[in-house]
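In what follows, a single structure is set out as structure tokens and then discussed.
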């Protein structure tokens with residue numbers, strides 16, 4: 001495990017140390033660390049009441065599937081654009097107001113589910129992904 005990943009996740013947890021979200025972030029941190037160590041291809045952070053995702057999530061470049069639906073996310077980190085193997089991203093049922101343009105770099109992405117959010121538009125860069133199906 002890299003020092004950058006560990007420190008980034010610890011800082012992400014400390015941001016909310018005295019709130020109800022702290023326990024959810026600690027649990028998510030453990031899942032992310034396990035995923036990194038074991039190079040798992042699936043990460044499930046569904047229904048944890050998270051308001052943000054940690055930027056070090058972008059270092060899990062082996063990920064094929066990422067599930068973050070049913071949280072309270074208002075944004076996705078731009079670092080998700082580093083997940084070049086990602087094929088499926090479910091970010092439905094959040095409070096997303098935008099999707100980072102960096103997701104347009106994910107040429108392996110097959111399905112993006114952003115239904116039940118506050119989105120009014122999607123980045124035109126998503127049109128560069130050849131086999132992408134978007135669920136709005």
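The values are calculated or read from the model by the stated rules, or taken from the named source; none is laboratory data. Everything numeric in this text was worked out from a predicted model, so none of it was measured. For neighbour counting, all protein chains shown are included, and Cβ atoms are generated from backbone atoms with ideal geometry for every residue, glycine included.
From 73, 63, 126, 122, grab the single residue that is surrounded by 15 or more Cβ atoms within 10 Å (Cβ to Cβ), touching a residue at least 12 places away in the same chain (Cβ under 8 Å), in contact with a strand residue (DSSP E or B) (Cβ under 9 Å, 6 or more places away or on another chain) and under 24 Å from residue 40 (Cα atoms).
Values: 73 fails: in contact with a strand residue (DSSP E or B) (Cβ under 9 Å, 6 or more places away or on another chain); 126 fails: under 24 Å from residue 40 (Cα atoms); 122 fails: under 24 Å from residue 40 (Cα atoms).
Residue meeting the stated conditions: 63.
Please indicate, with yes or no, whether at least one residue in segment 91-99 is touching a strand residue (DSSP E or B) at 6+ places or on another chain (Cβ under 6 Å), under 21 Å from residue 114 (Cα atoms) and either crowded, with 18+ Cβ neighbours inside 10 Å or modelled with pLDDT of 95 or more (or both). Working first, answer last.
Applying the first criterion (touching a strand residue (DSSP E or B) at 6+ places or on another chain (Cβ under 6 Å)) to segment 91-99 yields 92.
With under 21 Å from residue 114 (Cα atoms) added as a condition, the list becomes 92.
Narrowing the set further to residues that are either crowded, with 18+ Cβ neighbours inside 10 Å or modelled with pLDDT of 95 or more (or both) leaves 92.
Yes; the residues of segment 91-99 include at least one that is touching a strand residue (DSSP E or B) at 6+ places or on another chain (Cβ under 6 Å), under 21 Å from residue 114 (Cα atoms) and either crowded, with 18+ Cβ neighbours inside 10 Å or modelled with pLDDT of 95 or more (or both).
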Quick one: is residue 22 surrounded by 14 or more Cβ atoms within 10 Å (Cβ to Cβ) and modelled with pLDDT under 95?
no
Modelled with pLDDT of 95 or more, buried (at least 17 other Cβ atoms within 10 Å of the Cβ) and within 26 Å of residue 4 (Cβ to Cβ), is that true of residue 114?
no
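Residue-by-condition table, conditions (1) over 25 Å from residue 6 (Cβ atoms); (2) out of contact with any helix residue (DSSP H, G or I) (no Cβ under 6 Å at 6 or more places or on another chain):
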{"site": "71", "(1), (2)": "no, yes"}
{"site": "75", "(1), (2)": "no, yes"}
{"site": "81", "(1), (2)": "no, no"}
{"site": "87", "(1), (2)": "yes, yes"}
{"site": "93", "(1), (2)": "yes, yes"}
{"site": "97", "(1), (2)": "yes, yes"}
How many of the residues making up segment 100-111 are surrounded by fewer than 21 Cβ atoms within 10 Å (Cβ to Cβ) and within 13 Å of the chain's Cα centre (by Cα)?
2
Being under 14 Å from residue 66 (Cα atoms), modelled with pLDDT of 95 or more and surrounded by 14 or more Cβ atoms within 10 Å (Cβ to Cβ): is that true of residue 43 here?
yes
By residue number, the members of segment 17-53 that are touching a residue at least 12 places away in the same chain (Cβ under 8 Å), under 22 Å from residue 74 (Cα atoms) and in a loop (DSSP other than H, G, I, E, B) are 20, 45, 46, 47, 48, 49, 50, 51, 52, 53
